[in-house]
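For reference, the structure is listed below as structure tokens.
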Amino acid sequence: MKVAAIQMVSAIAREANLASAHALLSEAARAGAELAVLPEYFCTMGARDTDKLGLRETPGAGTVQGFLADAAREFGLWIVGGTLPLEAGDEQHVFNSSLAFSPAGECVARYDKIHLFRFDNGKERYDESRVIAPGSRPTCFDLPSRDGHSWRIGMSICYDLRFPELFRQLAAQGAELLLVPSAFTRTTGEAHWEVLLRARAIENLAWVVAPAQGGTHENGRTTWGQSLVVDPWGGIVAQRATGEGVVIGELDHAQVARARTQLPALSHRVL
């Protein structure tokens, strides 16, 4: 199965970001991708964290959800919409949600980010919990590919990458492919991004597709980029350093089965 990890440098205006995402999804479709995954915050990197509150959508209805459904139908793609803000039940918070759409434009899965990023090195300060409510449920969905194999796909978002227990649960649910749409900071990305992604692939003997934000944004934030496709042995199949673009990777489900047979670490778990 051919997949596309889409790297963006999202701006403040939602409409401009959707136009960029549309062009990149079109490129992914022309390259033969069956699945395209957008990065975290693909629809907006606001001037302030609270900008997300003004763009919140009701599940099943809204500008961004409509865009994803329409694009999936237009391009005949499975699309995972990095993240978008969904109602969380109060006026001060939203869920940071990743939605999966089939080529028919149907939303087949929703994952709300469980682990919320907080970082303070004296120069950079982030605290997602100020406006984001945490999710609670690990989520997988099934994608029947053109080659006849039905892929079991586990969903995660950015900071989740630091919590291997989530990925163990996804593997226990049968995940062969792990998605990590992200917006890692330059500081944390340079230090940890690649090694953590490769570790999650190795630990779970699964493919990892990690689309990222990658560049200096209109709001002044700089994200690390390096969107990656990683194989079940931890090898990097494809990547892009910075800037907008489409990273194409060819995934072979037989590699998962072969790795898990040769090194049955998942069945050796004790704790």
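Read-outs: derived from the displayed coordinates by stated rules, not from any lab. Source: prediction; values computed, not measured. Positions of Cβ are generated from backbone atoms using ideal geometry, with glycine treated the same way; all protein chains shown enter the neighbour counts.
Among the residues of the range 169-212, write down those that are in contact with a helix residue (DSSP H, G or I) (Cβ under 7 Å, 6 or more places away or on another chain) and of a type in the set (Lys, Arg).
Arg200
Residue by residue, here is whether (1) part of a strand (DSSP E or B); (2) more than 20 Å from Phe167 (Cβ to Cβ); (3) polar (S, T, N, Q) holds:
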| residue | (1), (2), (3) |
| --- | --- |
| Ala100 | yes, no, no |
| Gly122 | no, yes, no |
| Gly135 | no, no, no |
| Trp151 | yes, no, no |
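Which strands (runs of 3 or more DSSP E) sit wholly inside the range 195-266 and have at least 2 residues that are touching a Ser or Thr at 6+ places or on another chain (Cβ under 7 Å)? Even if it seems obvious, please write down each step before you answer.
Numbers: elements: 207-210, 227-230, 236-240, 245-250.
Counting at least 2 such residues, we get 236-240.
Leu161 is checked against (1) of a type in the set (A, V, I, L, M, F, W, C); (2) part of a strand (DSSP E or B); (3) under 17 Å from Thr223 (Cα atoms) and fails just one. What number does that condition carry?
Every condition holds for Leu161 apart from (2).
Here is a list: Leu228, Leu266, Leu251. Which entry is within 16 Å of the chain's Cα centre (by Cα) and within 17 Å of Arg198 (Cα to Cα)?
Values: Leu266 fails: within 16 Å of the chain's Cα centre (by Cα); Leu251 fails: within 16 Å of the chain's Cα centre (by Cα).
Of the residues listed, the single one that is within 16 Å of the chain's Cα centre (by Cα) and within 17 Å of Arg198 (Cα to Cα) is Leu228.
Which pairs turn up if I take residues in the range 186-208 that are under 16 Å from Gly174 (Cβ atoms) and look for partners that are assigned to a helix (DSSP H, G or I) and of a type in the set (Val, Ile, Thr) with beta carbon separation below 8 Å, at least 6 apart in sequence or on another chain?
Every condition considered, the pairs that remain are Leu205/Val256; Ala206/Val256; Trp207/Val256.
Which ones in the range 54-77 are not hydrophobic (A, V, I, L, M, F, W, C) and not in a loop (DSSP other than H, G, I, E, B)? Can you show your working first?
Pass one, the range 54-77, residues not hydrophobic (A, V, I, L, M, F, W, C): 54, 56-60, 62-63, 65-66, 70, 73-74, 76.
Result: Gly54, Glu57, Thr58, Thr63, Gln65, Gly66, Asp70, Arg73, Glu74.
Hey, Val108 hits all of (1) among the hydrophobic types (A, V, I, L, M, F, W, C); (2) surrounded by 18 or more Cβ atoms within 10 Å (Cβ to Cβ); (3) without any contact (Cβ under 8 Å) to a residue 40 or more places away in the chain but one; which does it fall short on?
For Val108, the failing item is (2).
Of the residues Ala61, Ala88, Ala16, which is more than 30 Å from His253 (Cβ to Cβ), over 19 Å from the mean Cα position of the chain (by Cα) and in contact (Cβ under 8 Å) with a residue 12 or more places away in the chain? Break it down into steps so the answer makes sense when it comes.
Values: Ala61 fails: in contact (Cβ under 8 Å) with a residue 12 or more places away in the chain; Ala16 fails: in contact (Cβ under 8 Å) with a residue 12 or more places away in the chain.
Only one candidate passes the filter, namely Ala88.
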